[in-house]
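The values are calculated or read from the model by the stated rules, or taken from the named source; none is laboratory data. Computed from a prediction, not measured in an experiment: that's the story for all the values here. Here the Cβ is made from the backbone with ideal geometry for all residues, glycine too, and neighbour counts use every protein chain on show. Ligands, DNA and RNA are excluded from the accessible area calculation, which covers all protein heavy atoms including side chains. Shrake-Rupley method; radii C 1.70, N 1.55, O 1.52, S 1.80 Å.
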Amino acid sequence: MKRVAGGMMGRTLLKVFAIGLTASLFLYGCAGDEKSAKGKKLYNHYCSHCHGESGQQREGFNWERMPDPRPKNLASNAEMSTFSDKEIFDTVYRDMRDTSDPKVLDDDHYFAVSTMPTFKYTLSEEEIWSIVGYVRTLHGMSLTYDWMGRKKELEEAFQVVQQEMEAAKGAYEAATEKAEAAQAAYEDTLTDAQLETYEPKEVTVPEEAVFLTVNEKYEKAKAVVENFSKRPKKTRIDRPDLTISDTARAVQVEKGKSLYRNTYGCNGCHSLNDEGGLVGPALDRAGFRLNPTWIYQWIRNPQAMKKHTRMPNLGASDADARALTYYLGTLRAPKPEGPIPIAE
């Protein structure tokens, strides 16, 4: 009887284990399918107009109009298998740099093609990893990078910095309290006559500088953790004062012209004189059509002004955004015969 009972119990346990394993695999599969679907959706919205729906060259409606070097064939296993998951990620998650600078072109760790925009300031790291995962499927591969491990490392590093910040804050507050008490005790020793001419000094302690340094480190670590799963915040861009002398404007216009092509690759999506991309509107008459303040704010954070625009936030600095605004203000071509495309 014991053997029979044991056999029944063993079969029951095996059945429970099998059901649990099936459920785990199902949930894992659902999570993978969900991430793949998310990557595909993001790819179709932000990437397919240049790279094509299936990653083939000449497939995207913008491909033919792009300046060289045109997008790679994402469907080619022979070509794409030479890149690691991290290299593909870094291509999408990078700061835009001046590709006319030989040092940038010679940097083996930087993807020096200006017409490939960054999505570092538009999407979360997790979203970009989902895009990388989907891109891998276009050439018959799968994502192997342990992005969940990366997330865990960031969280653990943040916890360490948080503890360091709390300790520095405690030391700063204790030192400040001690210094204020010492100053109060000193003031109690002063006579009324002395108090009339006494000017109390602002209490400062060495621990303050340490706390401010650690707190800055804490805020950066916090932002890194948040940006992994959350999109960068759509910060409101204040109205700029674009008043400038004619001499200074001329210098800024030339700078903006260079930034337009060599750093931010605007010609990959916008056209001038019927040359350049078709994703965004033609900019030949930007100086007539667009308000300078609007241009500046749009460049600094497109998503804050139009949530689902295809134009990513390129991380342009205040100085770069101003130079681009001044340059675009000079584009005043004659009115075309046909309609001007509407911005995405």
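Which of these, Ile299, Ile88, Ile244, has the largest mean-square fluctuation under a Gaussian network model of the chain (Cα springs below 10 Å)?
Highest fluctuation of the listed residues: Ile244.
I'd like the FRET efficiency for Met141 and Ala167, computed as 1/(1 + (r/R0)^6) with the beta carbon distance as r and R0 of 45 Å, rounded to 0.05. Before the final figure, lay out the partial values.
Numbers: r = 46 Å, r/R0 = 1.01.
Plugging the Cβ-Cβ distance into 1/(1 + (r/R0)^6) gives 0.50.
Past 31 Å, Cα to Cα: identify those pairs from Lys35/Lys72; Lys40/Lys152; Lys72/Lys151; Lys72/Lys220, in the order given. Write out the running numbers ahead of the final one.
On the way: Lys35/Lys72 24 Å; Lys40/Lys152 25 Å; Lys72/Lys151 29 Å; Lys72/Lys220 34 Å.
Violating the 31 Å limit, Cα to Cα: Lys72/Lys220.
Can you give the percent of C-alpha pairs in region 100-219 whose distance is more than 25 Å?
61 percent
Taking the Kirkwood radius as the inverse of the mean 1/r across Cα pairs, report the Rg/Rh of region 80-141.
0.99
What order do you get for 177-184, 216-223 when each peptide is scored by the mean count of other beta carbon atoms within 10 Å, highest first? Mind dumping the intermediate values first?
Numbers: 177-184: 12.2, 216-223: 14.6.
Packing order, densest peptide first, comes out as 216-223, 177-184.
How big is the gap, in Å, between the Cα center of region 36-92 and the Cα center of region 94-152?
The two parts, judged by their Cα centres, are 11 Å apart.
When only C-alpha pairs under 8 Å and at least 6 residues apart count, what is the relative contact order of the chain, in percent?
Details: 419 pairs, mean separation 66.7, N = 344.
Answer for the chain is 19 percent.
Working with all protein chains in place, sort Thr137, Thr82 by solvent-accessible area computed with a 1.4 Å probe, largest first.
On the way: Thr137 70, Thr82 95 Å².
In descending accessible area the options line up as Thr82, Thr137.
Points 7 angstrom from Cα along the Cβ direction at Thr82 and Ala182: gap in nanometres?
Between Thr82 and Ala182, the label points sit 6.6 nm apart.
Helix-only estimate, please: 222 nm mean residue ellipticity of the chain, summing -39500 (n - 2.57) across DSSP H runs of length 4 or more and dividing by its residues, to the nearest 500.
On the way: 14 runs with 192 residues, N = 344.
Computed mean residue ellipticity for the chain: -18000 deg cm²/dmol.
Going highest first, how would you order 199-207, 263-271, 164-172 by mean Cβ packing within 10 Å?
Values: 199-207: 11.1, 263-271: 23.1, 164-172: 16.3.
The peptides rank, most packed first, as 263-271, 164-172, 199-207.
Stretched out fully, how many nm does the piece from Glu64 to Glu155 gain, at 0.36 nm a residue minus the Cα gap?
Working: separation 91, 0.36 × 91 = 32.76 nm, distance 4.32 nm.
Extra length available between Glu64 and Glu155 comes to 28.4 nm.
Compute the convex hull volume of the Cα atoms of the chain, divide it by the residue count, and report the result per residue in Å³ as a whole number.
On the way: hull volume 87.0 nm³, N = 344.
Considering the Cα atoms of the chain, their hull volume per residue is 253 Å³.
So what is the relative contact order of region 185-344, in percent, for Cα pairs below 8 Å that sit 6 or more residues apart? Mind dumping the intermediate values first?
Working: 148 pairs, mean separation 39.4, N = 160.
Result for region 185-344 is 25 percent.
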